[in-house]
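The values are calculated or read from the model by the stated rules, or taken from the named source; none is laboratory data. Not measured: the values here are computed from a predicted model. Reconstructed Cβ throughout: ideal geometry from the backbone, glycine too, with neighbour counts over all protein chains shown.
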Amino acid sequence: MDRLDAMRAFAAVADLGSFAEAARRLRLSPAAVTRAVALLEDQLGVLLLHRTTRSVKLTERGALYREGCGQILADLEATERNVRGEDAAPRGTLSLAAPLMFGRLHVLPIVTRLLRDHRGLTVRLMLADRVVHLVEEGMDAAVRIGALADSALIAVKVGEVRRVLVASPEYLRTHGEPAAPAALAGHDLIEFEGIGGTSEWHFGGPGRSSIRVEPRLAVNSADAAIAASEAGLGITRTLSYQVKDAVLAGRLSLVLEDFAPPAINVSVVHPRRRLGSANVAAFVAAARRYFSGRELG
């Protein structure tokens, strides 16, 4: 096995956390993958992976080598595609990540259209309400909502959403509707912990303000927060697309609309090494078309 094949084997083990899984992905024997990684470690004179009977994890030096391998292998693949003329159309596997509900409602339709238009393309879509590390988890691109902390990624804005407060009509009839953010102190609040990660809610409108909330119910699922609010348990803060249907159907009512904070960007992000990827370019173009002029709530 040459150096490049050994690097591919090491990268697969690092990404999957398993020699056996890497062997299955590469269609090699586990012994061959084990020898390849051992060869690299011997040549480099460093330990790349911590191995136990239950897990395989990158060492600090191994993490550095995995990042370098990713760049080298990606450049090689891009060069080979260019030589074969394969960048003319998307093909192969496109790995994407997106927030759970947003992905189900808005990213899946984009993926569906891409798969219909490009028969040579396959998609791996990971939906999770957490920040997915693109390089470490083998993702080509991700859809993210809000501020982008990783400056090493290239970001393309494709849309906007708003933070909104909602409550059931029954709750508002019983408890009254707050006239200003400060009035929330006298209400039952439901917090979706994934939306901001802090106990402060920010508002726009006259004299922009922030208040510290003490929720009666805190959940890590937007669906659960919305369901609890529909059941009359209190006021919750969500993103506009998450409650659009419930508001239009009359199950929920908007609260403190005049104090809505500024809109939040929806972006497609990808590593710089994917800049020339036809698959990523096709997804970005399809996302722009999908969100163009589309009201997300």
Taking segment 212-233 and keeping only residues that are crowded, with 21+ Cβ neighbours inside 10 Å and either β-branched (Val, Ile, Thr) or farther than 20 Å from Leu105 by Cβ (or both), one is left with Ile226
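For residues in segment 9-18 being in a helix (DSSP H, G or I) and either at pLDDT below 90 or among the small types (Gly, Ala, Ser) (or both), which is surrounded by the fewest Cβ atoms within 10 Å (Cβ to Cβ)? Outline the logic, then answer.
Within segment 9-18, the first condition is being in a helix (DSSP H, G or I), and the residues that meet it are 9-16.
With the extra rule that they be either at pLDDT below 90 or among the small types (Gly, Ala, Ser) (or both), the set shrinks to 9, 11-12, 14-16.
Values: Ala9: 25, Ala11: 20, Ala12: 22, Ala14: 24, Asp15: 18, Leu16: 16.
Going through the qualifying residues, I end up with Leu16.
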Picked from segment 222-275 (must be hydrophobic (A, V, I, L, M, F, W, C), within 21 Å of the chain's Cα centre (by Cα) and in a helix (DSSP H, G or I)), the residue modelled with the lowest pLDDT is Ala222
Notebook entry, point to check: Condition test on Gly146, is it surrounded by 19 or more Cβ atoms within 10 Å (Cβ to Cβ), on the phi > 0 side of the Ramachandran plot and either assigned by TED's automatic domain parsing to the domain that holds Ala286 or in contact with a Leu (Cβ under 8 Å, 6 or more places away or on another chain) (or both)?
Noted result: no
A careful count of residues in segment 33-70 that are in contact with a strand residue (DSSP E or B) (Cβ under 9 Å, 6 or more places away or on another chain) and either polar (S, T, N, Q) or surrounded by 15 or more Cβ atoms within 10 Å (Cβ to Cβ) (or both) gives 11
Report whether or not Ser168 is of a type in the set (Gly, Ala, Ser) and either touching a Phe, Trp or Tyr at 6+ places or on another chain (Cβ under 8 Å) or without any contact (Cβ under 8 Å) to a residue 24 or more places away in the chain (or both).
no
All-but-one check, Val37 against (1) within 22 Å of Val135 (Cα to Cα); (2) part of a loop (DSSP other than H, G, I, E, B), failing number (2)
Original post:
Before we move on, is Glu21 at pLDDT below 90, surrounded by 13 or more Cβ atoms within 10 Å (Cβ to Cβ) and in a helix (DSSP H, G or I)?
Top reply: yes
